[in-house]
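The values are calculated or read from the model by the stated rules, or taken from the named source; none is laboratory data. Only a predicted model underlies this, so the values are computations on that prediction, with no experimental measurement involved. Here the Cβ positions follow ideal geometry from the backbone for every residue, glycine too, while neighbour counts run over all protein chains shown.
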Amino acid sequence: MTPRHALEHLWMLAGCDAAALDRLDIEGDDPGLPSVFRVGALAAVSIGAAGLAAAQLHELRTGRAQRVAIDVRRALAAFRSERYLNVDGKPAAELRHPVTGHFPTGDGRWIQLHANFPHHLAGILRVLQCADDRDAVARAILGWEGAALDDALARAGLCAALVRTPREWAAHEQAKAVASLPLFEIERIGDASAEGPRAVSGTEAGARPLEGVRVLDLTRIIAGPVAGRTLGQHGADVLLINGAHLPNIAPLVIDNGRSKRSATLDLRDEAACDQLRALVRDADVFVQGYRPGALAARGFAPEALAQIRPGIVCVSISAYGHRGPWRERRGFDSLVQSASGIVWTESVAAAKSGRGASNEADAPPFAAVRPLPCQALDHATGYLAAFGAMVALARRMREGGSWHVRLSLAQTGRWLQTMGTLEDGQRTPEVTAADIADCLEEIDSPFGRVRAVAPAERLELTPAFHARPPVPIGTDAPVWIA
């Protein structure tokens, strides 16, 4: 599947104007990174669709059409943005804890642990009854069968995934639930009058596609933050809301904090919930990445938000989707890769490439684990979330209503798998920061001089850019700027 075909499919799936596709230019094709999967197509399509949706919103506001361009190389640079982040001339700190990664189990399987947050690490060590040391963890895991450990960690509310084959995953009840869902959903959840973005004093009406749009971003790590950042780089006023007690990963706060203000509210406190409700009353978009049901338990279900603020666009991002036995299971991009057969496919391909003609039939499928060359599910889901939000905003302008956009990493992963594979994709040369130097930009921030990947989509009349630098969590008050 070429990027052009995939983007046309996505555009029509969202019910968008087919004529806009004539103003879209796509350059390049896979392979762009060492992978058997069409990661370049996934990157170009998800980012390109978001850019085209921004252009459509601008045309709806001003009557001015414009061309949009995306190329695979720049899109892939954006999909690895955290890898290329640089502050004051120094690379960002390591993102992974030593215990995060893949380990062989006692029955010859592989399991992946995610231990980047202290409470997740502590829980893993309790289940394994071992010391905080990678070698000790590896020894402890050898005493477990893979499936049993996967279940034990999930029951404890921890983050792990057994490396499954594509066939194993297809037979799993959660995979069947994911297969029953479309790539994304944009549902009308309430009635409201048609409305466009509010006017912003001192600016030309519609100067940027999302000028006057207020976004509440209640997300962390990559997928949700990329969605908020994307809306911000097209002109939205994005207010990030974190809990001061919630863990974050410092380089991701910097990379994904561009174009945002940052405030904290502890939603365990009713007064803070009241403050959030007050913000919702003047918001246009509400993006959240909590497990399904978590925010609803505090009174912030999409339907409740539509009662507070008729006309709101709610965006919900989860790991494994909102249906099935794993709908409340914690997960991250790399874990979904492991669970869904993506890691297995990459690892077998790498092993075959290394063994060449000596690939005996009775040899194990692989002796080392190989994931995708980037957090592709996270990034793609983030751009698709921004795309869905903009499509919903356009519907609100034309027909009114409150809207709910739903996506998950597993649904995005399934889409990637349906694009097919490239037999020699892993022979593609690795890409370094020097290779994509023209894709980077610099901005001064409280963290220092930040060098990061610039927006990849190119809009003819309204170029995407970051008007705000990233700031530390809690820098701003939880209020809208008048």
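Residue-by-condition table, conditions (1) under 17 Å from Trp326 (Cα atoms); (2) over 24 Å from the mean Cα position of the chain (by Cα); (3) in a loop (DSSP other than H, G, I, E, B):
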position: Ala122; (1), (2), (3): no, yes, no
position: Leu125; (1), (2), (3): no, yes, no
position: Asp132; (1), (2), (3): no, yes, yes
position: Ala136; (1), (2), (3): no, yes, no
position: Arg139; (1), (2), (3): no, yes, no
position: Gly143; (1), (2), (3): no, yes, yes
position: Ala161; (1), (2), (3): yes, no, no
position: Arg167; (1), (2), (3): no, yes, no
position: Ala177; (1), (2), (3): yes, no, no
(message) Can you say whether Gly108 is on the phi > 0 side of the Ramachandran plot and out of contact with any Pro (no Cβ under 9 Å at 6 or more places or on another chain), as far as the supplied structure shows?
(response) no
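Listed here are the residues, each with its yes/no results for (1) aliphatic (A, V, I, L, M); (2) crowded, with 24+ Cβ neighbours inside 10 Å; (3) modelled with pLDDT of 95 or more; (4) on the phi < 0 side of the Ramachandran plot.
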position: Ala156; (1), (2), (3), (4): yes, no, yes, yes
position: Leu162; (1), (2), (3), (4): yes, no, yes, yes
position: Arg167; (1), (2), (3), (4): no, no, yes, yes
position: Val200; (1), (2), (3), (4): yes, no, no, yes
position: Val213; (1), (2), (3), (4): yes, yes, yes, yes
position: Val226; (1), (2), (3), (4): yes, yes, yes, yes
(request) Report yes if Leu422 is over 21 Å from Asp378 (Cβ atoms), surrounded by 17 or more Cβ atoms within 10 Å (Cβ to Cβ) and modelled with pLDDT of 95 or more, otherwise no. (result) yes
(message) Condition check: surrounded by fewer than 24 Cβ atoms within 10 Å (Cβ to Cβ), farther than 30 Å from Thr345 by Cα and either polar (S, T, N, Q) or in contact with a strand residue (DSSP E or B) (Cβ under 8 Å, 6 or more places away or on another chain) (or both). Does Ala14 satisfy that?
(response) no
(message) Please pick out the residue among Leu231, Leu246, Leu216, Leu239 that is closer than 24 Å to Pro310 by Cα, more than 17 Å from the chain's Cα centre (by Cα) and either outside any loop (DSSP other than H, G, I, E, B) or touching a residue at least 12 places away in the same chain (Cβ under 8 Å) (or both).
(response) Leu239
(message) surrounded by 15 or more Cβ atoms within 10 Å (Cβ to Cβ) and farther than 27 Å from Leu246 by Cα: is that true of Ala394 in this structure?
(response) yes
(message) Name the single residue that is surrounded by the most Cβ atoms within 10 Å (Cβ to Cβ) among those in the range 17-39 being touching a helix residue (DSSP H, G or I) at 6+ places or on another chain (Cβ under 7 Å) and part of a helix (DSSP H, G or I).
(response) Val39
(request) Among the numbered conditions (1) at pLDDT 95 or above; (2) of a type outside the set (A, V, I, L, M, F, W, C); (3) out of contact with any Cys (no Cβ under 7 Å at 6 or more places or on another chain); (4) not in a helix (DSSP H, G or I), tell me where Gln411 comes up short. (result) (4)
(request) For the range 268-275, state whether one or more residues are of a type outside the set (Gly, Ala, Ser), buried (at least 20 other Cβ atoms within 10 Å of the Cβ) and in contact (Cβ under 8 Å) with a residue 12 or more places away in the chain. (result) no
